[in-house]
Amino acid sequence: MMKSIKRNFKKMFRELLVYHHSSLEYRAKILTLMVSANGEISPCEEERLSTIAHAIYGEENDRAELLIATVQEYHTKIITNNGLDFEHLIQLVAKETREVKRFAQKIDIPQLMQLHHCMEGEENILFQKRILEFLEQLKQDYDVH
């Protein structure tokens, strides 16, 4: 119960309480593009999302859990049409990548491919593949390294 309250408090005030919150939110947006491509988060995607979050943040379990919660928050906003839709999320990712070039380094195609392997259905697979191509192009265009 206390852990849930702590997580919700951090979610509400992450801009003030979380170190490099913009980086975390950018990663969450990229991951949301992948898991929301077919309108739902499958159990396979949930498992791999957790694996990816913990790989990114290592021993920082709270930060990894906050990343997962942020992805779920963005996903919920998209599917409930609550101030965010898929197209707007794509535009946000493109805009933030252009404005903060170091964010392009956070686009990790091999990690995102883990989520791609969960996708089922020819149409969904193709759509998600286009998202990967879009992210790869952003990385090539704006990565400073």
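The values are calculated or read from the model by the stated rules, or taken from the named source; none is laboratory data. As the structure is a prediction and not an experimental result, all values here were calculated from the model. Here the Cβ positions follow ideal geometry from the backbone for every residue, glycine too, while neighbour counts run over all protein chains shown. Just so you know, the surface numbers come from the protein's heavy atoms only, side chains and all, with ligands and any DNA or RNA stripped out. Shrake-Rupley method; radii C 1.70, N 1.55, O 1.52, S 1.80 Å.
Residue under question is residue 66, and the condition is that it be assigned to a helix (DSSP H, G or I) and either crowded, with 19+ Cβ neighbours inside 10 Å or touching a residue at least 60 places away in the same chain (Cβ under 8 Å) (or both); does it hold?
Considered against the rule, which asks whether it is assigned to a helix (DSSP H, G or I) and either crowded, with 19+ Cβ neighbours inside 10 Å or touching a residue at least 60 places away in the same chain (Cβ under 8 Å) (or both), residue 66 comes out as yes.
Scanning for something open to solvent by less than 50 Å² (accessible area, probe 1.4 Å), without any contact (Cβ under 8 Å) to a residue 40 or more places away in the chain and closer than 16 Å to residue 48 by Cα, does segment 95-112 turn up at least one residue?
Yes, segment 95-112 has at least one match.
Looking at segment 85-93, is at least one residue over 18 Å from residue 40 (Cβ atoms), touching a Ser or Thr at 6+ places or on another chain (Cβ under 8 Å), open to solvent by less than 40 Å² (accessible area, probe 1.4 Å) and not β-branched (Val, Ile, Thr)?
So far as segment 85-93 goes, no, none of its residues is over 18 Å from residue 40 (Cβ atoms), touching a Ser or Thr at 6+ places or on another chain (Cβ under 8 Å), open to solvent by less than 40 Å² (accessible area, probe 1.4 Å) and not β-branched (Val, Ile, Thr).
When only residues in segment 125-145 that are among the charged types (D, E, K, R) and in a helix (DSSP H, G or I) count, which is most open to solvent (accessible area, probe 1.4 Å)?
130
Every residue in segment 118-131 that is free of Cβ contacts under 8 Å to residues at least 24 places away in the same chain and within 28 Å of residue 101 (Cα to Cα), please.
126, 129, 130
Can residue 93 be described as modelled with pLDDT under 95 and of a type outside the set (D, E, K, R)?
no
One residue is enough: does segment 19-30 have a residue meeting the conditions under 22 Å from residue 93 (Cβ atoms), modelled with pLDDT of 55 or more, among the β-branched types (Val, Ile, Thr) and open to solvent by less than 30 Å² (accessible area, probe 1.4 Å)?
Among the residues of segment 19-30, at least one is under 22 Å from residue 93 (Cβ atoms), modelled with pLDDT of 55 or more, among the β-branched types (Val, Ile, Thr) and open to solvent by less than 30 Å² (accessible area, probe 1.4 Å), which makes the answer yes.
Filter segment 110-139 down to the residues that are β-branched (Val, Ile, Thr) and out of contact with any helix residue (DSSP H, G or I) (no Cβ under 6 Å at 6 or more places or on another chain) and list them by number.
Passing the criteria: only 125.
Condition (residue is out of contact with any Lys or Arg (no Cβ under 6 Å at 6 or more places or on another chain), over 23 Å from residue 94 (Cα atoms), buried (at least 17 other Cβ atoms within 10 Å of the Cβ) and in contact (Cβ under 8 Å) with a residue 60 or more places away in the chain) applied to segment 46-60: is it met by at least one residue?
yes
Those residues that are farther than 15 Å from residue 140 by Cα, assigned to a helix (DSSP H, G or I) and among the β-branched types (Val, Ile, Thr), I need them from segment 77-124; list them, please.
Answer for segment 77-124, where residues must be farther than 15 Å from residue 140 by Cα, assigned to a helix (DSSP H, G or I) and among the β-branched types (Val, Ile, Thr): 78, 79, 90.
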